Amino acid sequence: MSDHANAARQPATNSIKEIVISVRGLVVQFGEHRVMDGLDLDVFRGEVLGFVGGSGQGKSVLMRAILGLLRKRAGVIRLFGQDRDALPPRQLRALEQRWGVLFQNGALFSSLTVRQNIQMPMRENRNISQRFMDDLAMLKLDLVGLPPDSADKLPAELSGGMVKRAALARALALDPELLFLDEPTSGLDPIGAAEFDELIGTLQKTLGLTVFMVTHDLDSLYSICDRVAALAGGKVIGAGSMQDMLASDEPWLRAYFHGTRGSRLIGSLGRRMGGREPA
Amino acid sequence: MATKIEAEPPELTRRESGDIRRIVLTGGWLLRASRALERKADEIVSQGRGARAVVIDMSAIANLDTAGALALNRARNELIRAGVAASFEDARPEHQMLIKETAIEILPPPRAKPTNLFVDLLADLGLSVVGALREYYRGTGFLGEFVAAIGHILLRPRLFRGTSLVYQIEMFGFRSIPIIVLINLAVGAIVAQQGIFQLARFGATTYAVDLIGILVLRELGVLLTSIMIAGRSGSAITAEIGSMKMREEIDALRVMGLSPIEVLVVPRVLALMVALPLLTFIADMAALFGGLLVSWGYGDISPTTFLVLLKDAIGVNTFLVGLIKAPFMALIIGLISTQDGLATLGSAESLGRQVTAAVVKSIFMVIILDGLFAMFFAAIHY
Ligand SMILES: Nc1ncnc2c1ncn2[C@@H]1O[C@H](COP(=O)(O)OP(=O)(O)O)[C@@H](O)[C@H]1O
Ligand SMILES: [Mg+2]
């Protein structure tokens, strides 16, 4: 797994890379509370961007702003090179079919079974036979590691981790080019989380998927993220490869990656890779 | 900018080379191609059938996604089932991986067995009768729990949630005043107009005042108010408690050692029992005022005459008959809507169903109760 991660880890300075998401000067405010304060961020095609930041710093808010679920005060958000504010509704709809979203709490439709949840985007946007949709739904379930008998369950009958997986299956329904994940591995057991990472890695490799992933899972950051961006005080305080993050002198980044949990992991990883523990 | 949206459609060409039939795939085998993807996959099967061996040449495929890979796998499996040795060749590494990931055996979902319509009908009927009886049984049990909770609170007044009660009275009572005044004013006016119009044929227009007074005070005031509250506050109670149930808030109360009946049900039901008589009084006044206005404008009965006639027509008991019913109406609305809220299951659909059921049941029970009261008051000549 780490082989692949290293192979895919390209320097972010590669200027030929296509920018899939570009955020410039984003300001989001709830009443007097300014959550995004002139935030800039780029996500390149084919990369997995890990997005970290303290609880309540606005990671979910940024994701919702990019998706157009929140009103922004100022700033420009370009997706696939297109300014979403300037797009006519028809093109916006076409654009929206190019991404899949996994919300923090799954957001499965509670009155539909898992199968119906997965088929919902296909039914609405693609003209394919019911049989093919059934097969596709079962395939997506298999991909995310859910047993076939969960297809006919209602979300209320699933465990928290299963809800996450089912929601990922739904996010993958249209084979999107861009995947938004909000804390995908929280609520999963370590084995499940590792499988999840592996799945994202496989999808990225095979489909050339671009992934924007909010996560606190240091394992995910190490194993599948090509770049990491950190949010604090309404701005991106650092973005770059994991090595850059570890080498950074920024106090919050130091606390985050070199805190007890972080350094334990770095230590073990260093031993595993036969490398030196980063300073 | 080159984006994947304009990918070419999936295509295939067939080439014979000796014993082996090569099917060369080109274009984008993507879910975006919708029906074309399925059609082309079926075409692989029809083209391959009859050959001894088929090679599906993937070297020229432009794009492939999981749906495309699944469709190809399905086609290959079908060929193999038809006795053709089918295999993929020359796939790029990432496409090979996709083909491998999607090569799962998919069992067709079990289809529901066809059943007899008549038997289904009988079964449904039986189920709904049993359901109704269960509902009654549970409702009685719930009333018991409510009374027990009240008893518990009376023994330990510290548990009484005064703030909540006041807040609920404001929500259910105070905020309902405008709509209650409005509809009762209108109904009073309509009864007056009809009374005057119909009685004029007998030269007995002044009896319209008796009609208004008795009808409004005994029946209409309390009935309309109860129905309005069942729709307005009953539904709000069910929705609120139901969504708390969905988000495990009720369970959170339980594990803190708090009783949902004491915390949620008692304040709401008591608030309704306080608010509904007050609203009924306001409704009575509004309806009488509406009647007075119409009698004055339409029936030439001056307000003074109206009041004198009204005083002769009704007694304190007429007024009390309506008012006595109000707390009972409130009790039944409150119990039904809180119980239905607590019975909500996990889904949004279930919440909607419970709210509808609560309102329909409340209104139905309010009318039944009103009928029972009418029989009772007639029996005791009140
Ligand atoms: N709809 C909203 N209304 C008001 N404040 C909000 C809303 N959504 C988020 N916030 C605030 O924005 C901040 C960031 O929230 P969020 O993005 O959910 O944090 P996290 O980084 O943990 O995902 C928090 O302080 C939260 O209180
Ligand atoms: Mg969040």
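The values are calculated or read from the model by the stated rules, or taken from the named source; none is laboratory data. The structure displayed is predicted, hence computed values, not measured ones. With ideal geometry, Cβ positions are generated from the backbone for all residues, glycine too; neighbour counts draw on all protein chains shown. Each accessible area value is taken on the protein alone, full model and side chains, heavy atoms only, with ligands, DNA and RNA left out. Shrake-Rupley method; radii C 1.70, N 1.55, O 1.52, S 1.80 Å.
Can you spot a residue in region A:195-216 that is open to solvent by 20 Å² or more (accessible area, probe 1.4 Å) and within 16 Å of ligand 1 (Cβ to nearest atom)?
Yes.
Which condition number in (1) away from every other protein chain (no Cβ under 14 Å); (2) among the charged types (D, E, K, R); (3) open to solvent by 60 Å² or more (accessible area, probe 1.4 Å) is the one that B:Arg247 fails?
(1)
Pick from A:Gln119, A:Gln29: which is in a helix (DSSP H, G or I), more than 10 Å from every other protein chain (Cβ to nearest Cβ), of a type outside the set (A, V, I, L, M) and away from ligand 2 (no atom under 16 Å from the Cβ)? It would help to see each step written out before you state the result.
Numbers: A:Gln29 fails: in a helix (DSSP H, G or I).
Result: A:Gln119 is the single residue among A:Gln119, A:Gln29 that is in a helix (DSSP H, G or I), more than 10 Å from every other protein chain (Cβ to nearest Cβ), of a type outside the set (A, V, I, L, M) and away from ligand 2 (no atom under 16 Å from the Cβ).
Could you grab me the full set of residues in region B:155-211 that are among the β-branched types (Val, Ile, Thr) and surrounded by fewer than 16 Cβ atoms within 10 Å (Cβ to Cβ)?
B:Thr163, B:Val166, B:Ile177, B:Ile179, B:Ile190
For region B:290-382, which helices (runs of 4 or more DSSP H) that fit wholly inside it have 2 or more residues that are among the β-branched types (Val, Ile, Thr) and under 19 Å from B:Val269 (Cβ atoms)? Break it down stepwise before answering.
Numbers: elements: B:303-313, B:316-342, B:348-379.
Because the criterion is at least 2 residues that are among the β-branched types (Val, Ile, Thr) and under 19 Å from B:Val269 (Cβ atoms), the helices (runs of 4 or more DSSP H) in region B:290-382 that meet it are B:316-342, B:348-379.
Is there a residue in region A:124-135 that is surrounded by 21 or more Cβ atoms within 10 Å (Cβ to Cβ) and within 16 Å of ligand 1 (Cβ to nearest atom)?
Within region A:124-135 (the criterion being surrounded by 21 or more Cβ atoms within 10 Å (Cβ to Cβ) and within 16 Å of ligand 1 (Cβ to nearest atom)), the answer is no, since none of the residues qualifies.
Checking A:Asp217 against (1) free of Cβ contacts under 8 Å to residues at least 40 places away in the same chain; (2) away from ligand 2 (no atom under 16 Å from the Cβ): exactly one of these is not met. Which one?
So the condition that A:Asp217 fails would be (2).
Go through region B:235-266 and give me each residue that's part of a helix (DSSP H, G or I) and of a type in the set (Ser, Thr, Tyr).
Listed by number, the residues that qualify are B:Ser235, B:Thr238, B:Ser243.
Can you name the residue in region A:134-153 that is among the hydrophobic types (A, V, I, L, M, F, W, C) and within 11 Å of chain B (Cβ to nearest Cβ) and, of all such residues, is farthest from A:Gly100 (Cα to Cα)?
In this case the residue turns out to be A:Ala151.
How many of the residues making up region A:154-176 are more than 10 Å from every other protein chain (Cβ to nearest Cβ), without any contact (Cβ under 8 Å) to a residue 40 or more places away in the chain and assigned to a helix (DSSP H, G or I)?
4
So, of the residues in region A:74-85 that are within 14 Å of another protein chain (Cβ to nearest Cβ) and open to solvent by 10 Å² or more (accessible area, probe 1.4 Å), which turns out to be nearest to ligand 1 (Cβ to nearest atom)? Walk me through how you get there before you give the answer.
Here is the first cut: in region A:74-85, the residues within 14 Å of another protein chain (Cβ to nearest Cβ) are A:78-83.
From what's left, open to solvent by 10 Å² or more (accessible area, probe 1.4 Å): A:78, A:81-83.
Working: A:Arg78: 21, A:Gly81: 26, A:Gln82: 25, A:Asp83: 23 Å.
Taking the candidates together, the pick is A:Arg78.
Only one residue in B:Ala275, B:Ala313, B:Ala271, B:Ala330 is on the phi < 0 side of the Ramachandran plot, open to solvent by 10 Å² or more (accessible area, probe 1.4 Å) and of a type in the set (A, V, I, L, M), so which one is that?
B:Ala313
Quick check on region A:228-278: of everything there that is part of a loop (DSSP other than H, G, I, E, B) and farther than 29 Å from A:Leu39 by Cβ, which residue is modelled with the highest pLDDT?
Of everything passing the filter in region A:228-278, A:Met273 is modelled with the highest pLDDT.
Taking region B:336-345, which residues are within 14 Å of another protein chain (Cβ to nearest Cβ) and within 11 Å of B:Ser243 (Cβ to Cβ)?
B:Thr344
Given the conditions (1) within 16 Å of ligand 2 (Cβ to nearest atom); (2) of a type in the set (A, V, I, L, M); (3) within 23 Å of B:Leu98 (Cα to Cα), which single one is not true for A:Leu143?
Exception for A:Leu143: condition (1).
Scan A:Leu70, A:Leu39 and give me the residue that is within 10 Å of ligand 1 (Cβ to nearest atom), more than 14 Å from chain B (Cβ to nearest Cβ) and under 19 Å from the mean Cα position of the chain (by Cα).
None of the others qualify; the one that does is A:Leu70.
For region A:42-73, enumerate the residues that are away from ligand 2 (no atom under 13 Å from the Cβ) and open to solvent by less than 10 Å² (accessible area, probe 1.4 Å).
A:Val43, A:Glu47, A:Val48, A:Leu49, A:Gly50, A:Ile66
All but one of (1) more than 11 Å from chain B (Cβ to nearest Cβ); (2) surrounded by 18 or more Cβ atoms within 10 Å (Cβ to Cβ) hold for A:Ala107, so report the exception by its number.
Checking A:Ala107 against (1) more than 11 Å from chain B (Cβ to nearest Cβ); (2) surrounded by 18 or more Cβ atoms within 10 Å (Cβ to Cβ), the one that fails is (2).
Quick grid of which residues meet (1) under 50 Å from the mean Cα position of the chain (by Cα); (2) away from every other protein chain (no Cβ under 12 Å):
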{"site": "B:Arg14", "(1), (2)": "no, yes"}
{"site": "B:Arg39", "(1), (2)": "yes, no"}
{"site": "B:Val54", "(1), (2)": "no, yes"}
{"site": "B:Ala82", "(1), (2)": "no, yes"}
{"site": "B:Leu122", "(1), (2)": "yes, yes"}
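How about region B:8-94: which strands (runs of 3 or more DSSP E) wholly inside it have at least 3 residues that are open to solvent by less than 30 Å² (accessible area, probe 1.4 Å)? Quick ask: steps written out before the conclusion?
Values: elements: B:11-17, B:20-29, B:53-57, B:61-64, B:85-89.
Of the strands (runs of 3 or more DSSP E) lying wholly inside region B:8-94, those with at least 3 residues that are open to solvent by less than 30 Å² (accessible area, probe 1.4 Å) span B:20-29, B:53-57.
Does B:Met228 fit the bill of being within 15 Å of the chain's Cα centre (by Cα) and either assigned by TED's automatic domain parsing to the domain that holds B:Phe306 or farther than 20 Å from B:Ser176 by Cα (or both)?
The answer is no for B:Met228.
Tell me, please, whether a residue that is among the β-branched types (Val, Ile, Thr) and farther than 30 Å from B:Trp296 by Cα can be found in region B:306-320.
no
Cβ-Cβ distance below 7 Å, separation of 6 or more or different chains: which pairs start in region A:45-64 with a residue that is in contact (Cβ under 8 Å) with a residue 24 or more places away in the chain and in a helix (DSSP H, G or I) and end on one that is near ligand 2 (Cβ under 9 Å from one of its atoms) and open to solvent by 10 Å² or more (accessible area, probe 1.4 Å)?
A:Ser60/A:Gln104
Somewhere in region A:177-192, is a residue crowded, with 23+ Cβ neighbours inside 10 Å, in contact (Cβ under 8 Å) with a residue 24 or more places away in the chain, of a type outside the set (D, E, K, R) and more than 16 Å from ligand 2 (Cβ to nearest atom)?
Scanning region A:177-192 turns up at least one residue that is crowded, with 23+ Cβ neighbours inside 10 Å, in contact (Cβ under 8 Å) with a residue 24 or more places away in the chain, of a type outside the set (D, E, K, R) and more than 16 Å from ligand 2 (Cβ to nearest atom).
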